[in-house]
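A short worksheet on the structure shown next.
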Amino acid sequence: MGETLTAPVRRVRTLDQATAVVGRIGAAQVQLSRLKGSLDVAIAQANLAYETAAAPLRTAIAADTELLRGYFDANRASLLTGGKKSVALPTGMIGVKKTTAKVVVADVDALLKRLEDDRKLRRFIRTKCEVDRAALLAEPKVAVTIEGVSIEGGEDAFFVKPLAVGTP
């Protein structure tokens, strides 16, 4: 990883120079891959250390939360007077809150069929309208005649693909 790359050529004038530049790119890509591998290992080690330290804390939090839940449930009437949803303690707050309502559908296809069949229930069906970009790309001559549509890209794009170099 401590290799020094040679200074870049200002302008490539020969095939030999082009070959050398592609080789430099390949060597730099190998170094980047090594660095990425080292980063991935360091991240995995940090995640493992975090999870190892966090697991007992999560367990303690869950146990203490259940203790508080038991106390709260047993004393709810005296804790929540006057329509209150929570009670302030010197170290924090405990209480209840409404969870967000959600719709659970067991069989989406069967439900859609029932909603389509009943005219009064069709309002519960959402139809998504969107531009079919694939169809526009399939017919570019027609697509470009439509106001607001243009086809971009499709040109030759330069690329460099060095040969895979074995790591020394």
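Numbers at a glance
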| quantity | calculated |
| --- | --- |
| Non-local Lys pairs in the stretch 54-168, i.e. 8 or more apart or on different chains, that have alpha carbons under 15 Å apart | 4 |
| Reported label for calculated P(r) over Cα pairs in 5 Å bins from 0, in percent given (i) 2, 8, 16, 20, 20, 15, 8, 5, 3, 2, 1, 0, 0; (ii) 1, 5, 6, 6, 5, 5, 6, 8, 11, 11, 8, 8, 8, 6, 3, 1, 1, 0; (iii) 1, 8, 13, 14, 12, 9, 8, 7, 7, 6, 5, 4, 3, 1, 1, 0, 0 | (ii) |
| Solvent-accessible area per residue, Å², over the stretch 1-152 with all protein chains present [probe radius 1.4 Å] | 89 |
| Fraction of accessible area attributable to carbon and sulfur, the chain (%, probe 1.4 Å) | 60 |
| Highest-MSF residue in the chain out of A53, A110, A74 [GNM, Cα springs under 10 Å] | A110 |
| Principal axis dimensions, the stretch 83-168 - Cα atoms, whole angstrom, descending | 69, 63, 30 |
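The values are calculated or read from the model by the stated rules, or taken from the named source; none is laboratory data. In this text the structure is predicted, and so the values were computed from the model without any measurement. Just so you know, the surface numbers come from the protein's heavy atoms only, side chains and all, with ligands and any DNA or RNA stripped out. Shrake-Rupley method; radii C 1.70, N 1.55, O 1.52, S 1.80 Å.
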